[in-house]
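Report on the structure given below.
Only the coordinates and a few stated rules stand behind these numbers; no lab work does. Being a predicted model, the structure only gives us computed values, none of them experimental. A quick note on method: Cβ atoms are made from the backbone with ideal geometry, for glycine too, and the neighbour counts reach across all protein chains shown.
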Amino acid sequence: MKEKESVTVYDLARAAGVSQGTVDRVLHNRGRFSEATRDKVLRAVEELGYAPNMYARSMAQRSKRIIACIVPDFEEGTYWDSNNEGLMEGAAEVAPLGVEVRFHRYDYTSRKSFKKAVEETLDEGCNGVILGPVFDDLSLPFVGRLREMNIPFVYIDRKIGNDGDVAFYGTDFYQSGILGAHVTSLVQQEGTVLLVALSQIEPSFADTTVDRRQAIFDYFSEHCPGITTYSVEIDTENEAVREKTLDAFFAEHPEVRSAIVTNTRAYQFDEYLRKHPKKNLFVLGYDDTRRNLKALRDGNVSAIITRGIPLQAKNSVISLANFIQGDRRPETKDNYLHLGILTKHNLHGLF
């Protein structure tokens, strides 16, 4: 057994099989945790003979580091809600290390809102930034400011450029498109496939599905030349307009056998199909958000390409905290999440 003074929160977490953030919550009796978790942590405290180092705790408080998260605001059950879950987990994990995570959320449809979040971050000051960029023309100057001020930053979801960031956590959009096209090709080798994309909010808004759609075109061209693809942009904010657009498409192309929703909102296509059923239509979506999973379980979505969204967010916090605490860069700069495939048959335990 270690000497009492050398036992750390990390040791307790490892012995109890929980995170450091959970250990911190139990020791300070704050936040949410189960009785079983509390018992495991206290058992580890007793077995290892843990005694808090008050001097180290005092030093940690004096040397507190601030991470500013500039990420889009969200509706419940959507993509950035899943990211928020991971960011909060990461924040709890690094809190015992003297790192505080502060959130500056913005409306992803509003340039003004993004500018305000950036200004608040610069005014308040921080030791590092996690950036979920949507407006490239506004994000690039901000990133330039961070480099000038020697403030390290991590990209989440997507990155702009390859200069100066500590790390990136997200997905390879092109590869996810290849996988989606491959899965669809198992259902049909020829005929018509509909690609559903979101309409551009404004020219400077970053459409993360461009690479994904190109990959789908490339895959079908090489492996399934008998497939014809059509792209339709839908209004994600206006259901009536969305319905009108899809009605017009299906009236002209009733022969469609498959649809790939290339953004994160397969649930919106499911909402349309609940009102306008299409017999034997294979629907593939992207990202395991709660709304998408519900559409997979109970609705018209046939399969979802997943990436474990909360994990990319959690890892972004932990890697940046490690960097600003000890200048420890992550082993890999560009961290792409593993892609998986969900159907109604392997949802158990996820939703």
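Seen through its C-alpha gyration tensor, with square-root eigenvalues sorted a ≥ b ≥ c, segment 69-162 comes out oblate because a/c lies at 1.5 or above while a/b is not bigger than b/c. Note on the chain: helix-only mean residue ellipticity at 222 nm, from DSSP H runs of 4+ residues weighted -39500 (n - 2.57) and normalised by residue number, equals -14000 deg cm²/dmol. The long axis of helix 210-223 is offset from the longest Cα principal axis of the chain by roughly 50 degrees.
Listed from fewest to most Cβ neighbours within 10 Å, the set L320, L122, L97, L87 follows the order L122, L97, L87, L320. Would segment 173-306 count as rounded, prolate or oblate if I go by the C-alpha gyration tensor, calling it rounded below 1.5 in a/c and otherwise prolate when a/b exceeds b/c, oblate otherwise? Because its axes are fairly even, with a/c under 1.5, segment 173-306 counts as rounded. One chain, two ends: H348 and K116. Fully extended at 0.36 nm per residue, the span grows by 79.4 nm beyond their Cα-Cα distance. Taken one residue at a time, the phi angles of segment 246-259 give Karplus couplings (6.51, -1.76, 1.60, θ = phi - 60°) of 6, 4, 5, 5, 5, 5, 7, 10, x, 7, 4, 10, 9, 9 Hz. Gly and Pro are set to x. Just checking the listed ones, R274, R265, R102: in the Gaussian network model of the chain with Cα springs under 10 Å, the one fluctuating most is R274.
Once the Cα atoms are used to define both axes, helix 111-124 deviates from the longest principal axis of the chain by about 10 degrees. Residue-wise HN-Hα couplings along segment 160-174, as the Karplus relation 6.51 cos²θ - 1.76 cosθ + 1.60 with θ = phi - 60° gives them from phi, are 10, x, 9, 10, x, 6, 6, 6, 10, 10, x, 10, 8, 4, 5 Hz; Gly and Pro carry x. Would you mind checking the tilt of helix 266-275 against the longest principal axis of the Cα atoms of the chain, expressed as 0 to 90 degrees and rounded to 10? It is inclined by approximately 40 degrees. Extending 7 Å from Cα along the Cβ direction at I66 and again at H182 yields two label points whose distance is 4.6 nm.
Bridging of K314 to lysines at a Cα separation below 19 Å is possible for K159, K333, once same-chain residues fewer than 8 apart are set aside.
Arranged from fewest to most other beta-carbon atoms within 10 Å of their beta carbon, V41, V210 become V210, V41. Whole angstrom only: what separates the Cα centroid of segment 67-85 from the Cα centroid of segment 252-298? Taking the Cα centre of segment 252-298 as reference, the centre of segment 67-85 is 23 Å away. Label positions at E237 and D123, each projected 7 Å from the Cα along the C-beta direction, are separated by 2.5 nm. Each of H253, H348 was scored by other Cβ atoms within 10 Å of its Cβ. Listed from fewest to most, they are H348, H253.
Only lysines eight or more places from K244 in sequence, or on another chain, were considered; those with a Cα closer than 25 Å are K275, K278, K279, K294. Mind running the shape call on the chain? Use the C-alpha gyration tensor, a ≥ b ≥ c as the square roots of the eigenvalues: rounded below 1.5 for a/c, prolate if a/b tops b/c, oblate otherwise. It comes out prolate by the Cα gyration axes.
Can you work out the PRE-style zone for T192? Point 7 Å along Cα to Cβ, and I want the residues of segment 214-243 with backbone N under 14 Å. Under cut-off, by backbone N: 227-232.
Extending 7 Å from Cα along the Cβ direction at T109 and again at R290 yields two label points whose distance is 2.2 nm.
For the chain, the dipole from Cβ point charges (+1 on Lys and Arg, -1 on Asp and Glu) about the Cα centre works out to 920 debye, to the nearest 20.
DSSP beta bridges confined to the chain are antiparallel in about 10 percent of cases.
Could you tally the net charge around T245, taking each other residue with its Cβ under 9 Å from the Cβ of T245, Lys/Arg +1 and Asp/Glu -1? Net of charged neighbours comes to -2.
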